[in-house]
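Structure, as structure tokens:
The values are calculated or read from the model by the stated rules, or taken from the named source; none is laboratory data. Source: prediction; values computed, not measured. Here the Cβ positions follow ideal geometry from the backbone for every residue, glycine too, while neighbour counts run over all protein chains shown.
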Amino acid sequence: MSSAKSQDGNIRQKNKALILTAAKKEFVTYGFKGASIKRIAERANIPRTNIHYYYKNKIDLYQQLLNDILETWNQRFDTLTAEDNAKEALTAYIRAKVMYSKTDPDASRIFASEIIHGAPHLKSYLAKEFKEWVQGKTAVIQSWIDQGQINPVNPYHLLFLIWGASQHYADFNVQVLSAMDKQEMSNDDYEDVVSSLTSIILCGCGIK
């Protein structure tokens, strides 16, 4: 019985991952309003009824996609504490954020589009969970300042700088490639981004 339940769980997880991957391509191409459940089913190569088995409607599917994006982004910084070393923690966070732009640029573009349109599907999250998450992280950054680990910078603006700088390489990739006269960015290019942003941000925080 437990084996059957485990198999059902694996199938469910696999199908939902398949749907979310297809949905990500659909939403980044057409936006929320233009996206179609029918096309998502075609992209996933599954019957439309399978999508409705897991998700009530397009809003439910889009909301789950946004939740997954945010969970992935936040987890790298979730366990941060005042006892952590500021240099090591910030270095790791900058690298993680840049690499998200490299490996999953569509996630960043979907989130950016949602925010640009007034965040209609994230209002509840922004008002509660997000605000609590940010307050926790700024408190840790302030503790680093109090300990003398970093310069007295505004913790909020430090976070905003890391987010904006790292996500730029996903949201404005076309502009970046044009400016750098490239067809696409290589692994070495992204390592250079990590190195440059880390140096600029840490130096600005007074960390050598």
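Here is a yes/no grid of residues against (1) within 22 Å of Ala17 (Cβ to Cβ); (2) touching a Lys or Arg at 6+ places or on another chain (Cβ under 8 Å); (3) at pLDDT below 95:
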| residue | (1), (2), (3) |
| --- | --- |
| Trp73 | yes, yes, yes |
| Thr79 | no, no, yes |
| Ser124 | no, no, yes |
| Trp144 | no, no, no |
| Val153 | no, no, no |
| Leu159 | no, yes, no |
| His168 | no, no, no |
| Ala179 | no, no, no |
Being over 15 Å from Ile162 (Cα atoms), touching a residue at least 60 places away in the same chain (Cβ under 8 Å) and of a type in the set (A, V, I, L, M, F, W, C) is the filter here; which residues of region 99-129 pass it? Ala107, Ile110
From Phe130, Phe111, Phe172, residue being surrounded by 13 or more Cβ atoms within 10 Å (Cβ to Cβ), under 19 Å from Asp60 (Cα atoms) and among the aromatic types (Phe, Trp, Tyr): Phe111
Considering every residue within region 33-44, establish whether at least one is at pLDDT 90 or above, of a type in the set (S, T, N, Q) and part of a loop (DSSP other than H, G, I, E, B). yes
When you look at Ala96, is it out of contact with any His (no Cβ under 8 Å at 6 or more places or on another chain), within 29 Å of Phe32 (Cα to Cα), surrounded by 11 or more Cβ atoms within 10 Å (Cβ to Cβ) and in contact (Cβ under 8 Å) with a residue 24 or more places away in the chain, yes or no? no
Output yes when any residue across region 55-70 is assigned to a loop (DSSP other than H, G, I, E, B), over 19 Å from the mean Cα position of the chain (by Cα) and surrounded by fewer than 15 Cβ atoms within 10 Å (Cβ to Cβ), and no when none is. yes
Exclusive hit being at negative phi and touching a His at 6+ places or on another chain (Cβ under 7 Å), set Glu184, Glu114: Glu114
